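Student: Dropping the structure in here first, questions after.
The values are calculated or read from the model by the stated rules, or taken from the named source; none is laboratory data. Just so it is clear, the structure is predicted and the values come from calculations on it, not from any experiment. We place every Cβ from the backbone using ideal geometry, glycine too, and count neighbours over all the protein chains shown.
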Amino acid sequence: MPITVNLKKKDKKFEGDLPSWNIVVSGPVELFNPALEKFLFLQGLNAMNEEGDFSVWSSRPAIGAPPLYLAAVLREKYGCALKTDLEKMLKAARSERVAEDGLEHFLGAPKTRPAGDLALAISAGSKDFIANCSEDDYDRRQLLEGAGWLAIDKVSPALEARFGSRPYRTRDPFIAANLETFMPPPVKVKMREHLGAAQKNIAKSKTQEAPSGFSIPAPEGLDYLDFQKSGIQQVIDTGQSAIIADDMGLGKTIQGIGILNGRPDVRRAIFFCQANMRLKWVREIEKWKIDTSLSVGHAEGSTFPDTDVVVINYDIAKRHIETIRGIAWDLVVTDEAHNLKNLEAQRTQAILGDLDSIEGLGPVPMTKGGQIVHLTGTPKPNRVSELWPLLTSSRPDIWGRGPEARQAFLNRYEPPVLIKKKMPSKYGRGEREIIIPMPGKPQRELELQLRLRGSGSFIRRLKRDTDLPPKFRTPIEMPFRLSKEDLEILKQAEADLEEIHTRISGGTIRRGESREAREIIDVIAGLSFDSPHFSEIARVRRNLGVLKAPHAARFIVDELLEDRELSEDQRRKTVVFAHHKEVIATIAALAGQELPGAVRVYDGSVSNSKRQSRIDEFQEDPNARLFIMSLAGATGITLTASARMRVVEPDWSPSNMVQIEDRIWRIGQEQACDIGYLFVPNSLDVKMGLSLIQKMETDERAINTIGFRGMKVTKPQEREKQAGAKPESALVAQVNPQVGCRTPVTQPELPF
């Protein structure tokens, strides 16, 4: 009995909904060898269940085009059998089209057919792979879109004559490889060449070593770290726009300036940053720039400097849009580029243009060799979808641009779930129904990683791979008992959170059930500031924070007092994170009473002119032992004088929490970092915190790791793993249906 492949369609639930598809691969357990399972996992499937000697793998149902290509690969390369309906769909998609009226049988085929109506043919140029298709060929469009290929927006007469009225293309070798079974031999050779180049880019994207012959100058007495040299060199060598997504604290600022130094042709450059980092950027550029003839200035609310290099904060970019767009820039650098994650935000449109339109406003003007370089330590802020603005603005040739390309990206990596919701009528009478796309669960994250790093325009090195000491996250249930009044407040907060989640998600909770904490975090983290639910969430969180504040203050101060017998220079320091001013004030007041002069507060009430002095005092003054910060300090500041952090009110956005943690875990840190999350014992506070930590680790794996973590396996592979079997790297096994054995086939496209 062979492995069988079936494609299942889930019909739409309501008017305006879209059908969803999932592919199911099932068969005898012994045929699911490790290589096949890795391939299935790469394509978004996982083991669902196993009964006796029978195993079932399935993808999640997702809207968009069905993964027909996967059925073809599984049949041709792995000897799987396809269900009859699936065979017919695949045949219709790849074969030459027959006239619908059926008269060709009597009249004969026309002498010339439109190129898009001919049998599927894939061609390869120096950069692109192109497949022929007609505008009205639904079956083939489903095949190509399901494989991740993008329709060409503007089809010239010459292109139409050769490839049809709606040809599809890709410049990504991993996406091209999805249609390998339809390629003629010369195109397969070209594809493998591109995959080999991608594999080299993957190695470069994470290397810690300096490139040989690195010659980009640095000021006398200064030098780039080895991995920084690699990032600088890669961006300059490719000549393409790029994303430098190194872990926070690994010196992306220096790499941005290093690119400026490595391009002596740059005469006009602009650096976008957060307001509290503006003066720091000016100082660092003046410190590190090689070309002393380049003048440097920063924009103010009403003035724009007449300098070669301009530093401007995101908040005022819109005010100076005419001036910015009146200059052709050689280099555009966006610091903390995750600030551009919202397509509709004014700052995003001012800098990157209207990303949801082909014909709309483009990014800030650049010269012919101009580059946009995005710097971000959190390239995947909360959802995969938030990567889109950075990808489409840096490499539209790979990821595409406009609403169709964005939807194709979402359908492949974060398929939305459509829900119908009743809203008050615009005219104040009754209700109206609207369709809302809710972010779905991420899938094919391994493929996304390969594409990102293989493009040559995505660089990410991790602190765990450098000489930095380790970081440890520790959940701490504070050793205290709540009063009866506090228990009532806590109970009400928990009930409010679940009730708000239910209203937002449109679900119901049956008696005796409760929401998973992770589900609540997912919904709350996605709320916009103008959501009617946001103020409710803020109220609940404030009540919980105020309840925790005195107990957390006591816990933190007791830890600091443990060092009172040590000499002043040996006493440890602590960084505390909290959201609300009442919580910060409570901790600061208690600590100030017992440790006079030891407290420094960094929140929204502190002016920009005073913030750096508070950081410097904490870093340099042995008596400054407690630094209490809000989200105002989440990015751009260095607090390496402390190796201990206590989180009183965790932000429910995993990316924000990683930013906060990395204020102490960055270049300059010499000790292992202890990140403690303080929780109320036996409460939803603990469950929410543990789920947050788990989500942070999951998200970090998604964007950091090229591997098979999270893949469920069948029993034979488990036995191999337990026996110490090493995973295969460049070998992909396939089932040979003729002899019923596993035949290793060298495939350079899987650089694991």
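Student: Taking the condition surrounded by fewer than 21 Cβ atoms within 10 Å (Cβ to Cβ) and modelled with pLDDT of 90 or more, does A643 pass? Steps first, answer last, please.
Tutor: Values: surrounded by fewer than 21 Cβ atoms within 10 Å (Cβ to Cβ): no; modelled with pLDDT of 90 or more: yes.
Here the answer is no, as A643 does not meet what is asked.
Student: Can I ask one more? Is there any pair with a first residue in region 422-439 that is among the charged types (D, E, K, R) and a second that is modelled with pLDDT of 75 or more and in a loop (DSSP other than H, G, I, E, B) whose Cβ atoms are under 9 Å apart and which are 6 or more apart or on different chains, and what are they?
Tutor: If the second residue must be modelled with pLDDT of 75 or more and in a loop (DSSP other than H, G, I, E, B), the pairs left are E433/F14; E433/E15; E433/G16.
Student: Give all pairs with beta carbons closer than 6 Å in which a residue from region 399-417 that is under 18 Å from K12 (Cβ atoms) meets a residue that is β-branched (V, I, T); count only pairs at least 6 apart in sequence or on separate chains.
Tutor: P415/I63
Student: Sort out which residues of region 355-364 are buried (at least 17 other Cβ atoms within 10 Å of the Cβ), among the hydrophobic types (A, V, I, L, M, F, W, C) and closer than 20 Å to R319 by Cβ, and write them in order of number.
Tutor: Answer for region 355-364, where residues must be buried (at least 17 other Cβ atoms within 10 Å of the Cβ), among the hydrophobic types (A, V, I, L, M, F, W, C) and closer than 20 Å to R319 by Cβ: just V364.
Student: May I ask you to verify whether T334 is modelled with pLDDT of 95 or more, closer than 26 Å to P219 by Cβ and of a type in the set (S, T, Y)?
Tutor: Working: modelled with pLDDT of 95 or more: yes; closer than 26 Å to P219 by Cβ: yes; of a type in the set (S, T, Y): yes.
So T334 passes the test.
Student: Restricting attention to region 424-443, does a residue exist that is within 18 Å of A242 (Cα to Cα) and either assigned to a helix (DSSP H, G or I) or modelled with pLDDT under 90 (or both)?
Tutor: no
Student: What pairs can you find where one residue is in region 326-343 and in contact (Cβ under 8 Å) with a residue 12 or more places away in the chain and buried (at least 20 other Cβ atoms within 10 Å of the Cβ), the other is in a loop (DSSP other than H, G, I, E, B) and among the small types (G, A, S), and their Cβ atoms are less than 9 Å apart, with a gap of 6+ or different chains?
Tutor: The qualifying pairs are V332/S241; D335/G636; E336/G377; E336/G636; A337/A245; H338/G377; N339/A345.
Student: Give the residues of region 110-126 that are under 36 Å from the mean Cα position of the chain (by Cα), modelled with pLDDT under 95 and of a type in the set (S, T, Y), sorted by residue number.
Tutor: Within region 110-126, just S126 meets the criteria.
Student: Could you list, in sequence order, all residues of region 384-438 that are of a type in the set (K, R) and surrounded by fewer than 22 Cβ atoms within 10 Å (Cβ to Cβ)? First the steps, then the outcome.
Tutor: Kept after step one, since they are of a type in the set (K, R), are these residues of region 384-438: 395, 401, 406, 412, 420-422, 426, 429, 432.
Matches in region 384-438: R406, K420, K421, K422, K426, R429, R432.
Student: Also: If the requirement is being out of contact with any Lys or Arg (no Cβ under 6 Å at 6 or more places or on another chain), of a type in the set (A, V, I, L, M, F, W, C) and more than 17 Å from F458 (Cα to Cα), which of these qualifies: L260, L195? Walk me through it before giving the result.
Tutor: On the way: L195 fails: more than 17 Å from F458 (Cα to Cα).
Unique residue meeting the criteria: L260.
Student: Please pick out the residue among D226, D237 that is surrounded by fewer than 17 Cβ atoms within 10 Å (Cβ to Cβ) and either closer than 24 Å to L390 by Cβ or within 24 Å of the chain's Cα centre (by Cα) (or both).
Tutor: Details: D226 fails: either closer than 24 Å to L390 by Cβ or within 24 Å of the chain's Cα centre (by Cα) (or both).
Exactly one residue qualifies, and that residue is D237.
Student: Go through (1) free of Cβ contacts under 8 Å to residues at least 24 places away in the same chain; (2) surrounded by 19 or more Cβ atoms within 10 Å (Cβ to Cβ) for L352 and report which single condition fails.
Tutor: Looking at each condition in turn, L352 falls short on (1).
Student: Follow-up question, since we're still on this one. One residue is enough: does region 225-235 have a residue meeting the conditions in the same structural domain as L390 (by TED's automatic domain parsing) and in a loop (DSSP other than H, G, I, E, B)?
Tutor: Here is the first cut: in region 225-235, the residues in the same structural domain as L390 (by TED's automatic domain parsing) are 225-235.
Going one step further and asking which of them are in a loop (DSSP other than H, G, I, E, B), we end up with 225.
Yes, some residue in region 225-235 is in the same structural domain as L390 (by TED's automatic domain parsing) and in a loop (DSSP other than H, G, I, E, B).
Student: Next question, about the same structure. All but one of (1) of a type in the set (S, T, N, Q); (2) surrounded by fewer than 23 Cβ atoms within 10 Å (Cβ to Cβ); (3) part of a loop (DSSP other than H, G, I, E, B) hold for T378, so report the exception by its number.
Tutor: So the condition that T378 fails would be (2).
Student: Return the residue satisfying two criteria in turn: it lies in region 4-28 and is among the basic types (K, R) and exposed (fewer than 15 other Cβ atoms within 10 Å of the Cβ), and of such residues it is farthest from I436 (Cα to Cα).
Tutor: K9
Student: I need the full set of residues from region 32-88 which are buried (at least 21 other Cβ atoms within 10 Å of the Cβ), of a type in the set (A, V, I, L, M, F, W, C) and more than 29 Å from G440 (Cα to Cα), in order please.
Tutor: C80
Student: Further, regarding this structure: Has region 292-313 got any residue that is surrounded by fewer than 22 Cβ atoms within 10 Å (Cβ to Cβ), within 23 Å of the chain's Cα centre (by Cα) and either assigned by TED's automatic domain parsing to the domain that holds G633 or assigned to a loop (DSSP other than H, G, I, E, B) (or both)?
Tutor: No - not one qualifying residue is present in region 292-313.
Student: So, in region 574-617, how many residues would count as being buried (at least 21 other Cβ atoms within 10 Å of the Cβ), within 19 Å of D563 (Cβ to Cβ) and not aliphatic (A, V, I, L, M)?
Tutor: Residues meeting the conditions: 2.
Student: Also: Since P415 meets every condition but one in (1) assigned to a helix (DSSP H, G or I); (2) within 16 Å of the chain's Cα centre (by Cα); (3) closer than 20 Å to R141 by Cα, which condition does it not meet?
Tutor: Going through (1) assigned to a helix (DSSP H, G or I); (2) within 16 Å of the chain's Cα centre (by Cα); (3) closer than 20 Å to R141 by Cα one by one, P415 breaks only (1).
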